[in-house]
Amino acid sequence: MAVKWGVIGCGGIADRRTIPEGLLPSAEAELVAVQDVDQVRAQAVGKKYGIAKVSTHEQDIVDDPEVEAVYIATPTYLHHEHVIMAARAGKHVLCEKPLALTVALAEQAAEACADAGVKLGVNFMMRFHSCHQWLRAAIAEGRMGKPVLGKAELTCWYPPIPGAFRQDPELGGGGALIDMGNHCLDLIEFLFDQRIARVSCFTGNLVQDYRSEDTAGVLVELDSGALGLINALFNVPDAAAQNMLMLYGSRGGAWTFGTIGQDSIGQIHAIFEGEEKGYDAAQVRSEGPSEQVITPAVDNIYRAHIDAFCRAVASGQEPPIGPELGIWSQRVITACYESARTGRAIDLLS
């Protein structure tokens, strides 16, 4: 039986991606109700996707006896309130990232779901990208040797927009870092299968003049000592953005362009050596293993996460990206902002 879903906040990412690419194509999900505070937008989305139940009130979604799971795609400052509302009504919850504005609020949301006995997932959907899945497996198999460095960037052009919650830290928790950099931080941990132990972060407003940062750079140390470099920018033209992922290890490296983002396509370029070699003073780079281009079979990242969450609901298992990961991401982001504010490196595992 397909899990029946309601959506709270059906504009933005919900209408652009999660509904058409995740909920509707999934054989394990059925969308039965949508909500948005903007009545015109709610009605337009309902008509667009053939959904009869349309509302401007969140409570209508969680009180609907037909709805079993709720996807929350409202502005960040409303996430924990809507998660708790759904949990108290006995609904499973998939929430957009970040889980809340603060660690304390994220913990409250997770506790409410645990108390109600419902599942809570956080939508770090880029973990499901076919290229990222392939890279994680290759690193786990040792093909890259010992991981030493991961670099990830996510950029877009995001000029001032009246009322935009991502441009007001009181509504979005911050800007480019919490909105896009958290994906990059999460991916480095996912790909290397390690936790971030320490962060050093810089933020600023180099182009845009809103209150949230338009520029963020983070140096992280993983628990193995490997390093990560993260860039999140709201000030680069979309046509120029590369959204590059680069990974290095003692036996090779791999890189992608465009796999970090909302799309599910891309290729991996990789050079893996079978064994570590002796020192070459000439540092000849033209001799050795040739570059491989790997194109894994495409699996839509939104549908893959919806499928996995539905299976967790049906089987009683924990969601693949559960509340503990949502809370941990919040801790990492909080440490990054503290580092940017104080000019100090912040330890997370001490």
Consider T203 against the criteria (1) outside any loop (DSSP other than H, G, I, E, B); (2) under 27 Å from I321 (Cα atoms): it satisfies all of them except one. Which criterion is unmet? (2)
Going through the stretch 245-275 in order, the residues found to be outside any loop (DSSP other than H, G, I, E, B), among the small types (G, A, S) and under 12 Å from W134 (Cβ atoms) are A254, A270
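A quick yes/no check of all residues on (1) within 25 Å of the chain's Cα centre (by Cα); (2) aliphatic (A, V, I, L, M):
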residue: Q39; (1), (2): no, no
residue: A44; (1), (2): no, yes
residue: D64; (1), (2): no, no
residue: A73; (1), (2): yes, yes
residue: T102; (1), (2): yes, no
Does L99 satisfy being within 19 Å of Y302 (Cα to Cα) and in contact with a His (Cβ under 8 Å, 6 or more places away or on another chain)? yes
Output the strands (runs of 3 or more DSSP E) that fall wholly within the stretch 59-145 and possess 3 or more residues being among the hydrophobic types (A, V, I, L, M, F, W, C), crowded, with 21+ Cβ neighbours inside 10 Å and touching a strand residue (DSSP E or B) at 6+ places or on another chain (Cβ under 8 Å), or say none. 69-72, 92-95
With the requirement that a residue be farther than 23 Å from A312 by Cβ and in contact with a helix residue (DSSP H, G or I) (Cβ under 7 Å, 6 or more places away or on another chain), what does the stretch 60-96 give you? P75, T76, Y77
Which of (1) out of contact with any strand residue (DSSP E or B) (no Cβ under 6 Å at 6 or more places or on another chain); (2) in a helix (DSSP H, G or I) does V45 not meet, given it meets every other one? (1)
Can you work out which of the residues in the stretch 146-172 that are within 19 Å of the chain's Cα centre (by Cα) and among the charged types (D, E, K, R) is surrounded by the fewest Cβ atoms within 10 Å (Cβ to Cβ)? K151
Boolean, V54 is crowded, with 21+ Cβ neighbours inside 10 Å and of a type in the set (A, V, I, L, M): no
Check off (1) within 16 Å of E96 (Cα to Cα); (2) outside any loop (DSSP other than H, G, I, E, B); (3) out of contact with any Ser or Thr (no Cβ under 7 Å at 6 or more places or on another chain) for P320 and give me the number that stays unchecked. (2)
Tell me the residue from V37, V7 that is in contact with a Ser or Thr (Cβ under 7 Å, 6 or more places away or on another chain) and either assigned to a strand (DSSP E or B) or not acidic (D, E) (or both), please. V37
How do the pairs read when you match residues in the stretch 67-84 that are touching a residue at least 60 places away in the same chain (Cβ under 8 Å) with residues anywhere that are hydroxyl-bearing (S, T, Y), using Cβ under 7 Å and keeping only pairs 6 or more apart or on different chains? Y71/T18; A73/T18; H82/T74
Only one of R311, R303, R285 is surrounded by fewer than 20 Cβ atoms within 10 Å (Cβ to Cβ), at pLDDT 95 or above and not hydrophobic (A, V, I, L, M, F, W, C), namely R311
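The values are calculated or read from the model by the stated rules, or taken from the named source; none is laboratory data. Because the structure is predicted, anything quoted here is derived from the model rather than measured. Please note: Cβ atoms are built from the backbone with ideal geometry, for glycine as well, and neighbour counts cover all protein chains shown.
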